[in-house]
Structure formats: structure tokens, C-alpha cells
Amino acid sequence: MNKYSAIEFKDDRLIILDQTKLPLKEEYISTDDYERIAVAIERLEVRGAPAIGVAAAYGLALSLKNNRTGCEEIFNKAFQRLFSTRPTAVNLFFGLNEIKNVFKKNKDSENLYSLLIEKAVELHNDDIKMCDGIALNGLKIFTKKSRVLTHCNTGALATSGNGTALNVVRHAFENNLVEFVYADETRPLLQGSRLTAWELSKLGIPFAINTDSTAAVLMKEVKVDLVIAGSDRIAVNGDAANKIGTYNLAVLCKHHNIPFYIAAPTTTIDKNCMSGKEIKIELRDKKELTHFGGTQVTSDEYDAYCPAFDVTPNELITAIITEKDVHKPPYNFNNV
Ligand code: MRU
């Protein structure tokens with residue numbers, strides 16, 4: 001069991017480990033205000049597709065903590081606010097819609113707030129179980145003790161359980177199937193060099209951080225046996241959106257004949273989305289490129305293009321690991 005969690009719900013408050021400060025400081029945000037939770041999602045204080053889904057679910061439920069009258073108006077306002085925080089991870093919309101369904105069925109109930117919180121806790125617990133299932137299924141992709149490269153952060157910090165892709169790595173390491181991990185730095189917000197490194201170090205897994213552009217050389221020098229990443233939204237045809245730079249890795253893997261895996265819970269599958277073309281990609285503030293750790297590093301008069309995610313086409317994905325199975329191509333997630 002981890003000694004850290006991205007989020008915790010305690011005494012009717014959401015406790016968020018502030019990921020913008022890691023690994024230099026471990027600071028927590030404690031709030032019962034949905035607006036503060038929305039801001040935390042926008043600032044990436046809480047991040048990672050499953051974690052923002054569960055945080056948003058708690059946020060929406062908390063919007064009615066102190067509001068008995070006019071609750072429909074408040075609830076709808078909170079729903080819209082949380083819904084508009086980030087566009088790519090489908091888990092966010094899944095979490096919010098699950099809470100909305102409970103609201104619709106029980107809006108006249110005396111116990112409305114408790115019922116909403118109960119649902120958020122259920123989603124939290126489901127996420128923990130899905131993470132465990134992914135780790136178990138993930139063992140099946142290892143044919144030998146491997147050197148793994150990963151991108152962004154997909155560990156406990158990105159979920160409300162033990163993680164997705166990084167949880168596969170953790171479980172495989174415990175089973176003596178991982179020798180070494182290369183953690184892509186993950187420009188521009190450094191989820192790899194700050195967050196994945198922090199988790200790997202806590203887990204005692206041998207690793208090195210590398211710039212994203214080092215991946216090709218590592219593969220050429222035969223230092224990587226497999227690549228595994230997470231996803232923010234998987235289309236029915238298996239196209240998978242993930243942190244910007246993931247697509248580059250899949251192309252590199254194809255060239256070097258290295259397997260490329262995606263690991264994600266089934267809540268990341270969007271059955272309304274037939275292919276990656278329909279996935280909305282978040283564009284971030286250009287300050288994330290013009291500034292580094294708060295310091296300006298280039299002229300802010302320059303234009304900047306800052307997509308937070310890219311889509312890896314299904315034909316580059318060796319398999320997609322969910323809590324249900326190791327899905328192989330051709331992908332069809334209509335019935336999963
Ligand atoms: O912008 P972020 O840090 O929220 O992006 C997160 C990722 O891209 C993760 O790889 C993805 O959410 C899967 S997390 C289990």
C-alpha cells in the first residue's frame with residue numbers, strides 16, 4: 001500500500017496533495033469548495049485522468065454540502081464549472097455524469113448530500129480496484145526481466161488508487177520482471193522528472209530521468225525493452241490520447257521494433273468516440289513554454305503552440321491493458 005495518495009476524502013473535505021510543488025515540497029490543499037477543486041484541476045494541483053474524474057465527483061457532491069435550498073441551480077452551476085476545467089480526459093465527464101445521475105433520481109431526498117458523497121466514494125473505490133486489475137493484467141506483457149521507458153506520470157499520483165501504467169511497472173518490479181525504468185522528463189510541466197521520479201524513488205525502483213528527446217537514442221542503444229504509457233481517452237477503434245510526446249514514442253518504437261503499450265481503466269474508454277479524430281485536445285497557456293519554473297526563458301511576444309496531449313493511432317499500439325483484459329488489435333471497444 002502506498003504511503004501517499006493524490007486525493008483523500010476526510011471529514012467532508014477533499015485533501016489534495018499539491019502536485020505542482022512535488023518533489024521539492026509535500027503540501028496539501030484541504031477544501032470543501034467545488035470552485036477550489038475546479039481551480040486545482042485547472043492548475044494541475046491534482047492531475048491524471050482517473051484522479052481528476054474522482055476529484056471532480058467529490059467537488060460536485062460537495063457543492064450541496066451547505067445548500068439545502070435552491071440546490072438544483074447550485075448543482076447545475078457546479079456541474080458546468082467542473083465540466084469546463086479540462087477537455088481531454090473522459091474520466092472527468094464520466095465522474096461528473098455519475099454524480100448527476102444520482103442527483104436526478106434523488107433531488108427531493110432529505111439525504112441528497114449523503115447520497116452524492118456515497119456515489120463519489122464508490123467511484124473512488126472502483127478506481128482503486130481498477131488500478132489493481134490493470135497491474136495484475138499488466139504482468140502478462142512481460143516475457144523477461146525488462147528495461148521499461150515511460151512517459152508523463154501514471155502512478156498513484158494520477159489516480160485515486162495505485163496507478164495505471166506505472167502500477168504495471170510497480171507490480172512487475174515486485175515480481176522481479178523490471179530491471180530499470182527510464183522516466184521521460186515530459187515537457188513542459190515535467191510530470192516525469194518531478195512526479196514519476198518521486199514515485200519510483202519512494203517505491204525503490206531503479207530509474208533515471210531523461211529528456212523526452214533522449215528516447216530515440218536509448219532505443220537505438222538497445223536500452224529499452226518496452227514502452228508503457230497511460231491514456232486520457234481511448235476511442236472505440238483503440239486510438240489513444242495521452243500526454244504530448246506519447247505519439248513520438250510510439251513512432252520510435254515502430255522504427256526500433258519495440259512493443260508499445262497503453263494501460264488505462266475502462267473508464268478511460270469513450271464509447272461515443274469512434275476514432276482519435278473526435279478527441280478534443282487541450283491547449284495550454286503559452287506561459288507553460290515561455291516560462292520555466294516561474295522564470296521567463298524566452299520573449300512572451302513569441303507565439304507558442306502548447307497542446308497538452310496527442311493521439312497515438314491504434315496501429316502503433318501493441319496492446320491496451322485494462323482491468324478487464326490485455327486487449328490486442330484489431331481493437332473494438334464497443335463491448336468492453
Ligand atoms: O496533464 P496531465 O498531467 O493531467 O496528463 C496526465 C497524463 O497524460 C497521464 O498519462 C494520463 O492521464 C493517464 S494517468 C493514469
Of Phe309, Phe180, ordered by accessible area with the largest first and a 1.4 Å probe, the sequence is Phe180, Phe309
Order Leu177, Leu116 by their accessible area, 1.4 angstrom probe, all chains in place, largest first. Leu177, Leu116
Between Tyr302, Tyr247, Tyr113, where does the largest GNM mean-square fluctuation fall for the chain, given springs only between Cα atoms within less than 10 Å? Tyr302
If eta is 1.002 mPa s and T is 20 °C, what Stokes-Einstein diffusion coefficient results for the chain, Kirkwood Rh from Cα pairs, in µm²/s? 107 µm²/s
The percentage of the accessible area of the chain (probe 1.4 Å, all protein chains present) made up of carbon and sulfur atoms, to the nearest whole number, is 50 percent
Considering only Cα-Cα distances, which of the following residue pairs are longer than 23 Å: Lys77/Lys129; Lys254/Lys328; Lys202/Lys324; Lys119/Lys202? Lys77/Lys129; Lys202/Lys324; Lys119/Lys202
Mean Cβ count within 10 Å, highest first, over the residues of peptides 86-98, 159-171: 159-171, 86-98
May I ask you to compute the full-extension gain from Glu122 to Ser213, defined as 0.36 nm times their residue separation minus their alpha-carbon distance, rounded to one decimal in nm? 28.7 nm
Would you work out the relative contact order for the stretch 133-335, in percent, from Cα pairs under 8 angstrom that are 6 or more residues apart? 23 percent
Just to confirm the filter: which trypsin sites (Lys or Arg not before Pro) across the stretch 57-135 are DSSP coil and have at most 11 other Cβ within 10 angstrom of their Cβ? Arg68
Accessible area per residue, Å², the chain with all protein chains present, probe 1.4 Å: 44 Å²
Extension reserve of the Asp303-Lys145 stretch, reckoned as 0.36 nm per residue once the Cα distance is removed: 52.4 nm
How high is the FRET efficiency from Lys271 to Arg13, r the C-beta distance, R0 22 Å, rounded to 0.05? 0.05
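The values are calculated or read from the model by the stated rules, or taken from the named source; none is laboratory data. These numbers come from a predicted model, not from an experiment. Ideal geometry is used to build each Cβ from the backbone, glycine not excepted, and the neighbour counts take in all protein chains shown. Surface accessibility is based on the protein's heavy atoms, side chains included, excluding ligands, DNA and RNA. Shrake-Rupley method; radii C 1.70, N 1.55, O 1.52, S 1.80 Å.
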